[in-house]
Amino acid sequence: MKTFPGPQRNIFVPAIILLAAMLACNTPGIAPTPTETPAPTATPTVPPPSATPTITPTVEPTATSAPEEPTVPPEPTSTFVPPVMPEANVSYEGISFYRDNELASSWSVDIVPADIPNTTVPEAWRFPSHYRFVLDGYSPANTFHKPYIYVIPVRNFQDYNAAGLEQVTKLQAFLKEQPANITGDIPFFPIFNAAQAMRAQVAYLSFQNGIGVRFLTQYGQAANPINNHELFYTYQGITLDGQYYVSVIMPASHPDLQADASEIPGGDANAFANSYSDYIIKIEQQLNNARLASFTPNLEMLDVMIQSLVVQPTK
């Protein structure tokens with residue numbers, strides 16, 4: 001494993017004037033002209049590479065009228081200001097990207113060999129040989145998932161993991177269509193022994209020589225509440241030449257979610273399971289309406305990291 005440290009802002013008034021001033025006091029005042037608060041503007045996105053369609057991340061909708069008792073949204077947890085086009089500060093054998101110091105203090109990378117096939121592990125769970133970047137000093141910490149960036153040669157799925165290769169094919173078709181309304185699972189690798197419970201903040205993003213989709217999700221084997229221990233940001237992408245699959249998994253949290261799955265909303269597990277689909281719809285709407293900066297980390301910071309990515313391995 002190679003580890004790389006991150007780089008370290010008394011005047012006398014004539015009687016007549018005094019009299020005029022006294023008369024003026026009886027003149028009705030003029031109310032100040034109300035001012036309008038300028039509407040928020042959508043955060044600029046990093047331009048995509050040439051020959052790649054322009055893809056704009058989701059911008060949260062604004063209310064058309066103020067509620068009777070407006071609530072004050074939480075302050076952003078990040079002071080991040082996106083650069084126009086960041087210069088890569090993580091680079092290894094033709095793979096590079098920009099890592100903001102606020103996101104992680106350092107990074108490391110491995111070339112991970114393929115899992116050895118055996119009869120106790122299903123083929124679909126096998127991980128072919130790949131590059132794995134790890135972000136160290138990442139927050140939130142102590143979560144179910146680790147902050148990993150996987151770069152997998154598509155050829156390594158051949159004759160090794162048919163289910164994995166199928167996800168590559170599904171992702172290519174999904175990105176070609178780029179559906180606005182998503183009703184089922186978004187193609188994802190690695191394949192977990194669990195189901196994709198929800199999808200929020202879905203946006204199609206280009207990186208320097210590829211295209212993909214980012215979203216928030218949580219996997220589970222049962223009707224578990226969406227929580228900050230298991231929620232993660234993911235990016236599933238592929239290079240324009242179809243040779244490399246990119247899978248990014250970054251833990252994420254939001255102040256409106258519960259800490260973990262230890263408490264069932266309402267306290268009745270059966271009732272919660274029976275109304276789980278309605279619960280998921282509510283959670284997805286809630287997260288979709290949240291500001292990108294209200295998450296930890298700032299989702300915009302993760303987007304910039306993705307858009308700066310170059311995948312041209314030399315080996």
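Between Ala271 and Gln243, the contour length at 0.36 nm per residue exceeds the alpha carbon distance by 5.4 nm. Shape class for the range 116-204: oblate, because the ratio a/c of the largest to smallest gyration tensor axis (alpha-carbon atoms, square roots of eigenvalues) is 1.5 or more and b/c is at least a/b. Legend: translational diffusion of the range 92-311 by Stokes-Einstein, Rh = Kirkwood radius over C-alpha pairs, 4 °C, 1.567 mPa s; D = 71 µm²/s. Using the Cβ-Cβ distance between Glu93 and Arg291 with R0 set to 35 Å, the FRET efficiency works out to roughly 0.45. Placing pseudo-labels 7 Å out from each Cα toward the beta carbon at Ala259 and Lys176 gives an inter-label distance of 4.8 nm. Computing FRET efficiency as 1/(1 + (r/R0)^6) for Gln221 and Thr120, where r is the C-beta to C-beta distance and R0 is 22 Å, gives about 0.75.
When only the Cβ of Lys, Arg, Asp and Glu is charged (+1, +1, -1, -1), the dipole of the range 203-280 relative to its Cα centre reaches about 300 debye. Taking the Cα centre of the range 92-311 as origin and assigning +1 to Lys and Arg Cβ atoms and -1 to Asp and Glu Cβ atoms, the resulting dipole is close to 300 debye.
None of the figures in this text is laboratory data; all of them are computed from the coordinates on show. Note that the coordinates shown come from a computational prediction; the quantities given were computed from them, not determined experimentally. Glycine gets a Cβ as well: all are built from the backbone with ideal geometry, and neighbour counts include every protein chain shown.
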